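**Q** Please find one structure pasted underneath; my questions will follow.
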């Protein structure tokens, strides 16, 4: 029965664990730095580990460190507001994972959403763009990223001073490299150029004009809107295909359909 | 651990998890067809582009070279670990010789 109601299998989970290993290395480099800085900001080891384990969001954890004052009262409102602004991107990210969740209807989707982070979301998105991807892949890679994040934050908190500057090893570029590589892998043809360039341009503009991490949401939304507008000609067929598929769990585009669509686009 | 610190951490955790779960709930409410669905399909790549654009634009020649090397490596090998390794190696080399 489980096999009928779900397309995620244990092998998807393992596949996710295996394929996220290079991403976990890049996450660990950031975790080491964060742990080191957390110590300097006055977080106790227990507080550092608790934050990494419960919040599990690197960018937000970096942003609140300057607000953390071990001696005086914590500015709770500022901490929550900063967290909200930096992590707003998760709304967009998990929204794009809905096709997987609708196809497989896993138990406790809300709880499983906890494991959606930048790296494993990007991995699952790259698969989804090829008509593949699964909740199992998302969670398998999520578990590895989570373990890597919490362990490296703890290690950084206890032994950060011994490690030194990650920039010397080029590890500060690992995050950018992983996202550029996954993005390059999602290229399906010239139709991508305008939305992606819009996203990048709007992000740069928003970063110059707006505080915090709004640029991610602004860039993502502007690019997608342009993409929704320019991809209009492709849609009637795809839409008809999905409508014909009927129930939501079968609604996603099968790999073969996605392939032919891509071939058409590149041929043009 | 100070109570105050635990409270702040719990608040951060609650906000962050709500955003992760809220995205699923929000997408369920969007129409599954038409412009909203098309926009949502374009969203992953656009969020990725928005995330990396400042890092590349504000980097020096070493970062620009490494970004190009990463994309080229991915186009040729289709392998994430290989592309990442080449990107990181290129940024180290670039900082050594271009700076």
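Bear in mind these aren't lab numbers, they're just calculated from the coordinates by the rules spelled out. Here the structure is a predicted model, which is why all the values come from computation and not from measurement. Neighbour counts are summed over all protein chains in view; Cβ atoms, including those assigned to glycine, are modelled from backbone coordinates with ideal geometry.
**Q** Going by alpha carbons, how many degrees (0 to 90, nearest 10) lie between the helix axis of B:34-58 and the longest principal axis of chain B?
**A** For B:34-58 against chain B, the angle is about 50 degrees.
**Q** Could I ask something else about it? Between residue A:81 and residue B:28, what FRET efficiency comes out of the Förster formula 1/(1 + (r/R0)^6) with R0 = 30 Å and r the beta carbon distance, rounded to 0.05?
**A** After rounding to 0.05, the efficiency reads 0.65.
**Q** Under the definition of partner shielding as Cβ atoms of other protein chains within 10 Å of a residue Cβ, what is the mean value for peptide A:193-203?
**A** If you average over the peptide's residues, the count of other-chain Cβ atoms is 5.
**Q** Taking every pair of distinct Cα atoms and averaging 1/r, then inverting, what Kirkwood hydrodynamic radius in Å comes out for the stretch A:8-186?
**A** 16.9
**Q** Would you mind classifying the stretch B:44-99 by shape? Square roots of the alpha carbon gyration tensor eigenvalues, ordered a ≥ b ≥ c; an a/c under 1.5 is rounded, otherwise it is prolate if a/b is larger than b/c and oblate if not.
**A** Oblate shape, in that a/c is at least 1.5 and b/c is the bigger or equal ratio.
**Q** Give me the Debye-computed log₁₀ of I(q)/I(0) at q = 0.06, 0.11 Å⁻¹ for the protein assembly as shown, equal point scatterers on Cα only, no solvent, two decimals.
**A** Normalising to I(0) and taking log10 leaves -0.22, -0.75.
**Q** Follow-up question, since we're still on this one. List the relative contact order of the stretch B:44-99 as a percent without decimals, with contacts defined as Cα pairs under 8 Å and 6+ residues apart.
**A** 37
**Q** Turning to a different aspect of this structure: Distance in nm between label sites at residue A:190 and residue A:67, each 7 Å beyond Cα in the beta-carbon direction?
**A** 4.7
**Q** Quick one: Debye curve from the C-alpha atoms of chain B, no solvent, what's log10 I(q)/I(0) at q = 0.25 Å⁻¹?
**A** -1.20
**Q** Another one. Count, for each residue of A:119-129, the Cβ atoms from other chains sitting within 10 Å of its Cβ, then give me the mean as a whole number.
**A** For this peptide, the per-residue mean of nearby foreign Cβ atoms is 2.
**Q** Okay, moving on. Provide the FRET efficiency to the nearest 0.05 for the residue B:64-residue B:3 pair, computing r from the beta carbons and using R0 = 56 Å.
**A** That gives a FRET efficiency of 0.70.
**Q** Now for a separate question. For the residue pair residue A:158 and residue A:208, what label-to-label distance in nm results when each label sits 7 Å from Cα along the Cα-to-beta-carbon direction?
**A** 4.7
**Q** Using helices alone, I'd like the mean residue ellipticity at 222 nm for the protein assembly as shown: each DSSP H run of four-plus residues gives -39500 (n - 2.57), total over residue count, nearest 500.
**A** -25000 deg cm²/dmol
**Q** Further question on the same structure: Based on the alpha-carbon set only, what is the convex hull volume of the stretch A:14-64 divided per residue, in Å³?
**A** Per residue, the Cα convex hull of the stretch A:14-64 comes to 80 Å³.
**Q** Given a Förster distance of 35 angstrom, what is the FRET efficiency for residue B:76 paired with residue A:143, based on the Cβ-Cβ distance and rounded to 0.05?
**A** 0.70
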